[in-house]
1. Name every residue in the range 56-69 that is over 13 Å from Pro92 (Cβ atoms), outside any strand (DSSP E or B) and either in contact with a Phe, Trp or Tyr (Cβ under 6 Å, 6 or more places away or on another chain) or in contact (Cβ under 8 Å) with a residue 12 or more places away in the chain (or both), in order of residue number.
2. Could you list, in sequence order, all residues of the range 56-74 that are surrounded by 14 or more Cβ atoms within 10 Å (Cβ to Cβ) and either among the polar types (S, T, N, Q) or under 20 Å from Gly119 (Cα atoms) (or both)?
3. I'm trying to understand the selection: among the residues of the range 78-93, which are small (Gly, Ala, Ser) and without any contact (Cβ under 8 Å) to a residue 12 or more places away in the chain?
4. Which of the residues spanning the range 83-109 are part of a helix (DSSP H, G or I), in contact with a Leu (Cβ under 8 Å, 6 or more places away or on another chain) and not polar (S, T, N, Q)?
5. Just the residues that are without any contact (Cβ under 8 Å) to a residue 60 or more places away in the chain and in contact with a helix residue (DSSP H, G or I) (Cβ under 9 Å, 6 or more places away or on another chain), please, taken from the range 14-37.
6. Would you pick out the residues in the range 1-29 that are more than 14 Å from Met78 (Cα to Cα) and either assigned to a helix (DSSP H, G or I) or among the aromatic types (Phe, Trp, Tyr) (or both)?
7. For the range 75-122: of the residues being within 24 Å of Ala22 (Cβ to Cβ) and of a type in the set (Asp, Glu), which is surrounded by the fewest Cβ atoms within 10 Å (Cβ to Cβ)?
Amino acid sequence: MAQPKRDPVREERIHEEIIVDAYGPEEQAMGWYYYLEDKIHFPLPAKCIASRATSPLRKGESVEVRSMAPEDTCSGDMLVQIRWQGRTMAVPLSQLTAIDPDESTREAINDWHYWVAQGYCF
């Protein structure tokens with residue numbers, strides 16, 4: 001992903017709603033986890049927008065996102081549970097885009113994509 005132009009409205013939402021009281025990487029990760037869990041309405045159809053070495057999904061592949069992955073697996077990246085070839089597995093949210101999401105889901109996923117594209121990390 002190319003680094004997008006800084007978005008002051010999105011930056012303020014991230015700093016005032018998501019990581020507002022976070023005093024370190026673990027607290028930032030949990031802020032993101034609970035924000036995404038609250039704002040994304042599951043299940044949702046999604047499409048893979050980028051291949052990753054740590055995921056079996058190929059660009060263009062469609063999946064159903066069922067939930068956030070367990071909290072303890074999201075300390076370094078935000079992962080979501082998908083159903084894929086008869087199995088349930090976790091993949092990075094950054095590699096997916098929702099297909100026809102509601103506004104809350106769209107905003108939350110776009111916030112995460114923005115965070116990742118800006119090069120921010122925990």
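Since every read-out is calculated from the coordinates, none of them should be taken as a lab result. Just so it is clear, the structure is predicted and the values come from calculations on it, not from any experiment. Virtual Cβ from ideal backbone geometry, glycine too; neighbours counted across all protein chains shown.
1. Correct list: Gly60, Glu61.
2. Selection gives Ser67, Thr73, Cys74.
3. If the condition is that a residue be small (Gly, Ala, Ser) and without any contact (Cβ under 8 Å) to a residue 12 or more places away in the chain, then Gly86 is the only one that fits.
4. Of everything in the range 83-109, those that are part of a helix (DSSP H, G or I), in contact with a Leu (Cβ under 8 Å, 6 or more places away or on another chain) and not polar (S, T, N, Q) turn out to be Leu93, Ala108, Ile109.
5. If the condition is that a residue be without any contact (Cβ under 8 Å) to a residue 60 or more places away in the chain and in contact with a helix residue (DSSP H, G or I) (Cβ under 9 Å, 6 or more places away or on another chain), then Glu17, Ile19, Val20, Asp21, Ala22, Met30, Gly31, Tyr33, Tyr34, Glu37 are the ones that fit.
6. Of everything in the range 1-29, those that are more than 14 Å from Met78 (Cα to Cα) and either assigned to a helix (DSSP H, G or I) or among the aromatic types (Phe, Trp, Tyr) (or both) turn out to be Pro8, Val9, Arg10, Glu11, Glu12, Arg13, Ile14, His15, Glu16, Glu17, Tyr23.
7. Glu107
The rows are residues; the columns are (1) closer than 25 Å to His15 by Cβ; (2) basic (Lys, Arg); (3) not in a strand (DSSP E or B).
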residue: Gly31; (1), (2), (3): yes, no, yes
residue: Tyr34; (1), (2), (3): yes, no, yes
residue: Glu37; (1), (2), (3): yes, no, yes
residue: Ser51; (1), (2), (3): no, no, yes
residue: Thr54; (1), (2), (3): no, no, yes
residue: Gln81; (1), (2), (3): no, no, no
residue: Asp111; (1), (2), (3): yes, no, yes
